[in-house]
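Take a look at the structure below.
The values are calculated or read from the model by the stated rules, or taken from the named source; none is laboratory data. What you see is a predicted model, and the numbers here were worked out from it, not measured in a lab. Virtual Cβ from ideal backbone geometry, glycine too; neighbours counted across all protein chains shown. Surface accessibility is based on the protein's heavy atoms, side chains included, excluding ligands, DNA and RNA. Shrake-Rupley method; radii C 1.70, N 1.55, O 1.52, S 1.80 Å.
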Amino acid sequence: MKVIPLVNNPLELIALLKKQERKAQSEVYQLYAPKMLSICRRYIRDSHKAEHVMVGAFVKVFQQISSFENKGSFEGWIRRIMVHESLSFLRSEKAVFFIEEVQFHEVQAEEEVYDTDFTLEELEGFIDQLPIGVRTVFNLFVIEEHKHAEIAKMLGIQEGTSKSQLAHARKILQKQLLTKNKGTWRNGAK
């Protein structure tokens, strides 16, 4: 069923949300749910649990709408709530653990550059296979664009741990990409 928009102006829609209008809530849910589910799914492997977290996060969106001050994007504000709720879920499940490394090692790019033909789904699959702590830091740093200090605070870890998790993610992903490379080597090797 397609929802016919109540209003064309996002500010009017937000005003209706602040009045707890059910049709406005339904419209926002229909508009943003697919994208927000994919955000929750980045952190939570189980699709049913990710959907459960997303629905709960939308409840928070509607309960906390009065705190949205029209500064920045509305979608970005919803996204932050989705990420926060996903992290809260992981903490409650005691699912986040970090691979301890003695020191941070920056992963150097391979000298040989190759063309790739990976689909978005394949790349998401590679990320999804990362250990949960590594994947969480990778998503927060690469996708959500948080700094290591912010990630450390959000996850209750040391900044160096965040850096080492990112380095570990890069190392694993690099290995996956090289192993499953569909491209051809630019340096002439086949």
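Observations on the structure shown:
- Sites Arg22 and Ser92 - FRET efficiency at Förster radius 41 Å, r taken between beta-carbons, to 0.05: 0.90
- Remark: for residue pairs Lys18/Lys94; Lys94/Lys180; Lys35/Lys147; Lys19/Lys153; Lys94/Lys163; Lys18/Lys49, the C-alpha separation exceeds 25 Å in Lys18/Lys94; Lys94/Lys180; Lys19/Lys153; Lys18/Lys49.
- For His146, the residues whose amide H sits under 5 Å from its own are Phe141, ignoring neighbours fewer than 5 places away on the same chain, with H placed 1.01 Å from N.
- Each of Ala15 and Glu121 was given a label point 7 Å from its Cα along the Cα-to-Cβ line. The distance between the two points is 4.3 nm.
- Between Phe68 and Tyr29, the FRET efficiency estimated from the beta carbon spacing at R0 = 22 angstrom works out to 0.90.
- 3J(HN,Hα) along segment 122-128: 5, 5, 4, x, 4, 5, 5 Hz, from the Karplus curve 6.51 cos²θ - 1.76 cosθ + 1.60 with θ = phi - 60°, whole Hz, x for Gly and Pro.
- Residue order for Thr136, Thr119 - accessible surface, 1.4 angstrom probe, largest first: Thr119, Thr136
- Volume in Å³ per residue [convex hull over Cα atoms, computed for segment 27-68]: 68
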